[in-house]
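Visitor: Next up is a structure, given as structure tokens.
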Amino acid sequence: MGCFECCIKCLGGVPYASLVATILCFSGVALFCGCGHVALTGTISILENHFSKITSDHAMLTDVIQLMQYVIYGIASFFFLYGIILLAEGFYTTSAVKELHSEFKTTICGRCISGMFVFLTYILGIAWLGVFGFSAVPVFLFYNMWSTCAAMRSPVANFTNVDSICVDVRQYGIIPWNATPGRACGSTLGDICNTSEFYLSYHLYIVACAGAGATVIALIHFLMILSANWAYLKDASHMHAYQDIKMKEEQELHDITSRSKECLNSYT
């Protein structure tokens with residue numbers, strides 16, 4: 001076999017569907033974790049500087065955000081490992097299907113592992129749907145502030161008293177009602193929207209939400225691939241069992257025929 005034929009054979013064994021899903025999963029998790037971590041840090045800075053200047057008022061929120069940042073580290077590490085495992089499982093099942101009619105045989109352990117990955121990926125997909133929905137909440141909050149500021153700057157807007165336009169973050173339950181000042185009005189709100197922290201955090205939350213959506217799509221893609229691979233492995237095991245039974249029956253028939261011929265020859 002020449003070099004070209006070897007390359008074609010190697011490329012034929014690559015699980016391209018699993019490879020695309022792995023790249024999409026890595027990209028989505030990287031966007032969610034990286035952008036989410038930086039956006040959470042910017043959110044704390046905005047709250048401390050403009051909405052809750054007493055540290056004790058937002059101490060619990062700070063602890064929750066720090067905990068979420070540690071969870072982000074764990075999510076990134078877990079999905080890096082899980083994506084590699086699923087890609088390796090894709091290579092395994094692709095080889096099993098390619099070698100269906102050769103000496104390669106799937107085992108019960110291999111089929112059980114494939115089934116376990118299907119179940120685990122299904123659970124992770126449901127969990128990431130929740131993460132995707134949760135990541136849309138800060139986008140909604142920042143969008144409300146941004147739209148309010150855009151309305152105040154609009155040349156067609158006719159406000160008699162700009163200072164009466166306020167954004168109160170206490171109504172969202174982010175900080176307690178006794179937090180000081182708890183809200184921003186008029187020019188103060190406009191100054192907040194013009195800060196680089198607000199602009200960066202708002203767009204990073206959007207990218208993080210998009211990353212969570214990409215991860216959901218990747219997990220759905222993985223789920224379809226794993227389900228199909230598990231079905232292929234199951235069919236392969238049935239095919240091998242049928243071939244074994246057929247081979248044994250043919251061997252028994254051959255033995256019976258041979259003994260019959262020997263008996264006939266001896267009688268003759």
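The values are calculated or read from the model by the stated rules, or taken from the named source; none is laboratory data. Bear in mind that the values here come from a model prediction, so they are computed numbers and not experimental data. Every residue, glycine among them, receives a Cβ derived from its backbone with ideal geometry; neighbour counts consider all protein chains shown. What goes into the accessible areas is simple: the full protein's heavy atoms, side chains included, and nothing from ligands, DNA or RNA. Shrake-Rupley method; radii C 1.70, N 1.55, O 1.52, S 1.80 Å.
Visitor: (1) of a type outside the set (A, V, I, L, M, F, W, C); (2) modelled with pLDDT under 80; (3) open to solvent by 10 Å² or more (accessible area, probe 1.4 Å): which one isn't true of GLN171, the others all being true?
Guide: (2)
Visitor: If you don't mind, there's one more thing I want to ask. Taking the conditions exactly as written (in a strand (DSSP E or B) and under 37 Å from the mean Cα position of the chain (by Cα)), does VAL167 satisfy them or not?
Guide: Numbers: in a strand (DSSP E or B): yes; under 37 Å from the mean Cα position of the chain (by Cα): yes.
Criteria met by VAL167.
Visitor: Would you call THR188 modelled with pLDDT under 80, more than 27 Å from the chain's Cα centre (by Cα) and open to solvent by 60 Å² or more (accessible area, probe 1.4 Å)?
Guide: Here the answer is no, as THR188 does not meet what is asked.
Visitor: Can SER52 be described as touching a His at 6+ places or on another chain (Cβ under 7 Å) and either in contact (Cβ under 8 Å) with a residue 24 or more places away in the chain or surrounded by fewer than 16 Cβ atoms within 10 Å (Cβ to Cβ) (or both)? Working first, answer last.
Guide: On the way: touching a His at 6+ places or on another chain (Cβ under 7 Å): yes; either in contact (Cβ under 8 Å) with a residue 24 or more places away in the chain or surrounded by fewer than 16 Cβ atoms within 10 Å (Cβ to Cβ) (or both): yes.
Here the answer is yes, as SER52 does meet what is asked.
Visitor: Test PHE198 against the stated conditions and say whether it is touching a residue at least 60 places away in the same chain (Cβ under 8 Å), aromatic (Phe, Trp, Tyr) and within 15 Å of ASN49 (Cβ to Cβ). It would help to see each step written out before you state the result.
Guide: Working: touching a residue at least 60 places away in the same chain (Cβ under 8 Å): yes; aromatic (Phe, Trp, Tyr): yes; within 15 Å of ASN49 (Cβ to Cβ): yes.
Taking the combined requirement at face value, the residue satisfies it.
Visitor: Now for a separate question. Please enumerate the residues belonging to the range 55-64 that are under 34 Å from the mean Cα position of the chain (by Cα) and either within 15 Å of PHE142 (Cβ to Cβ) or surrounded by fewer than 18 Cβ atoms within 10 Å (Cβ to Cβ) (or both).
Guide: ALA59, MET60, THR62, ASP63, VAL64
Visitor: Residues in the range 115-134: is at least one open to solvent by less than 40 Å² (accessible area, probe 1.4 Å) and at pLDDT below 85?
Guide: Yes, there is a match, as at least one residue in the range 115-134 is open to solvent by less than 40 Å² (accessible area, probe 1.4 Å) and at pLDDT below 85.
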